[in-house]
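Asks: Below is a structure I'd like to ask you about.
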Amino acid sequence: MTQESGAGEGLDRDAVQETAAVEAGGTAKQIEFLRSNIKALLIGQDDVIDQVLIALLCRGHVLLEGVPGLGKTLLVRAMARCFDGDFHRIQFTPDLMPADMTGHAIYNMQEGRFHIRKGPIFTNLLLADEINRSPAKTQAALLEVMQERQVTIEGKAYTLNPPFMVLATQNPIEQEGTYPLPEAQLDRFLLKVFIDYPSLEDETRLVSRVTSGQLNMEEIGGNSEGALVAADILALQDATEAVSVDQQVLNYAVRLVQATRSTSSILKGAGPRASIGLVSAAKAWALINGRDFVLPDDIKQVALPVMRHRILLSPESEIEGFTPDQVLQQLMQTVDAPRQ
């Protein structure tokens with residue numbers, strides 16, 4: 001009886017391992033599908049694509065910073081095309097009102113009651129273009145949506161359908177007529193991603209494809225063949241949360257964040273939300289690389305985009321011309337990582 005029971009447990013264990021392997025293989029294929037399809041459209045921005053995928057897997061939001069014309073809208077369109085998701089774009093302007101985003105109530109004279117007309121914020125992927133051009137009241141309305149995943153219209157809360165992700169852009173050059181994002185809103189973004197000019201080779205390939213008609217950015221729409229569904233994205237997000245983190249690696253991530261609060265180069269360090277974001281983003285990067293556990297190198301890989309917008313440099317550092325990335329890179333060298 002005992003032998004039969006032991007054999008049964010062995011079979012069950014083998015079945016569990018086989019099921020886990022199949023699920024891991026399916027997860028890897030889905031992630032590779034997202035990466036490859038987006039890279040086929042957005043040429044020369046591989047690092048940006050990987051970082052945005054990290055945020056998607058973590059249920060986070062992204063602040064994209066770069067000059068116009070580098071494909072920020074194309075990036076969001078390509079993502080929506082890959083998983084059968086809805087995509088809306090809102091151009092932020094100084095006269096944009098919260099109701100223009102969230103929606104409003106309209107009175108129907110014939111029926112004698114109000115109808116709720118939902119705004120463009122009810123979507124899966126929201127591109128908030130030039131978010132720093134809107135006043136504080138409009139930014140505050142977006143803050144609720146990002147944090148609570150719900151919209152309040154006429155006192156009633158409406159939950160957004162998952163997955164939901166905000167990709168906000170801001171132009172680092174034109175500052176006239178802008179409203180700097182408050183720290184509370186900056187902290188809601190999991191990552192701040194810099195999108196830069198492509199290399200000579202990538203830009204040449206891009207120009208060749210566009211001018212020959214192989215890539216028409218205005219006609220990109222519909223779903224790509226074999227597109228994932230929303231449930232697939234939610235399953236990938238669950239798989240990201242299931243990635244294991246050793247206690248020493250977790251302590252390393254927290255020590256990195258706490259180090260930003262005890263250096264003279266930084267006036268205001270990152271808060272606990274940065275620690276949470278650092279571990280979550282490292283989990284996603286591990287999953288993207290086919291692992292179900294986090295390495296110290298995963299923490300280092302995501303540290304800059306997670307923390308660069310959550311610190312405030314000291315006046316001395318700014319006078320000397322240091323950037324947040326440079327200060328963080330120097331700081332990371334002073335915090336010992338656990339041995340792998």
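No lab work stands behind these numbers, since they all come straight from the coordinates. Model, not experiment: these values are computed from the prediction. Virtual Cβ from ideal backbone geometry, glycine too; neighbours counted across all protein chains shown.
Asks: For LEU34, what charge total do you get from the other residues with a beta carbon under 14 Å from its beta carbon, if Lys and Arg give +1 and Asp and Glu give -1?
Replies: Once all neighbours under 14 Å are counted, the net charge is -1.
Asks: If we restrict to alpha carbons, what Rg and Dmax does the stretch 243-340 come to, in Å?
Replies: Radius of gyration, then largest Cα-Cα span, for the stretch 243-340: 13.4, 43 Å.
Asks: Next question, about the same structure. Identify which of GLN301, GLN214, GLN30 has the largest mean-square fluctuation in a Gaussian network model of the chain, with springs joining Cα atoms closer than 10 Å.
Replies: Highest fluctuation among the options: GLN214.
Asks: Within the set LYS72/LYS192; LYS29/LYS192; LYS192/LYS268; LYS156/LYS283; LYS137/LYS283, which residue pairs have Cα atoms separated by over 25 Å?
Replies: LYS29/LYS192; LYS156/LYS283; LYS137/LYS283
Asks: So what's the chain giving for Rg/Rh, alpha carbon basis, Kirkwood Rh from the mean inverse pair distance?
Replies: In the chain, Rg relative to Rh is 1.02.
Asks: Sequence gap at least 6, Cα distance under 8 Å: using those rules, report the relative contact order of the chain to the nearest whole percent.
Replies: 19
Asks: Moving to a separate point now. Around PHE164, with a cut-off of 11 angstrom between Cβ atoms, what is the net charge of the other residues, counting Lys and Arg +1 and Asp and Glu -1?
Replies: Here the charged neighbours net out to 0.
Asks: Can you tell me the order of 260-268, 108-116 when each peptide is scored by its average per-residue count of other Cβ atoms within 10 angstrom, highest first?
Replies: Ranking the peptides 260-268, 108-116 by packing returns 260-268, 108-116.
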